[in-house]
Amino acid sequence: MDRNVLNQTNQTVTAIIEVRVTPIRGQGFDRIAERIYRFDEVKALYLMSGGYDLSIEVEAKTMMDIAHFVSDKLAPLDSILSTATHFILKKYKENGQILTVEEIPDDRMIISP
């Protein structure tokens, strides 16, 4: 069975959420990270360097479910300053495995005996 057909039968929506937080005195980012990674929607959580503090990978059935997760569960947490949600539109490679392979057309002429 074609891999794309398999993916269409059990689709979920994945998003990466950039989060800026206020670290808790004496505990840094650990306390807020623990509150976030306990949500069922959270598949991965990373402390980052750069323009934001945490990177959260979330998965849900629909984009609206992820929007509700951000607005109802994540954003109301005390230490959250801001969020930016990026929906993954297409996955090319994940966990070291290539997910899509484009076939290169064979333009050679067919020769038969």
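The values are calculated or read from the model by the stated rules, or taken from the named source; none is laboratory data. All values reported here derive from a predicted model rather than from experimental measurement. No Cβ is skipped: glycine too gets one built from the backbone with ideal geometry, and neighbour counts run over all protein chains shown.
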#### Entry: Test set (1) over 20 Å from Met64 (Cα atoms); (2) at pLDDT 90 or above; (3) loosely packed, with under 12 Cβ neighbours inside 10 Å - Arg31 fails condition number
(3)
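In the stretch 53-78, which residue that is modelled with pLDDT of 95 or more and assigned to a loop (DSSP other than H, G, I, E, B) is surrounded by the most Cβ atoms within 10 Å (Cβ to Cβ)? First the steps, then the outcome.
Just the residues of the stretch 53-78 that are modelled with pLDDT of 95 or more, to begin with: 53-77.
Of the ones still in play, those that are also assigned to a loop (DSSP other than H, G, I, E, B) are 53, 61-62, 75-77.
On the way: Asp53: 22, Lys61: 10, Thr62: 11, Ala75: 14, Pro76: 9, Leu77: 12.
The residue in question is Asp53.
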### Query
Which of the residues that make up the stretch 21-40 are in contact (Cβ under 8 Å) with a residue 40 or more places away in the chain, in a loop (DSSP other than H, G, I, E, B) and in contact with a strand residue (DSSP E or B) (Cβ under 9 Å, 6 or more places away or on another chain)?
Thr22
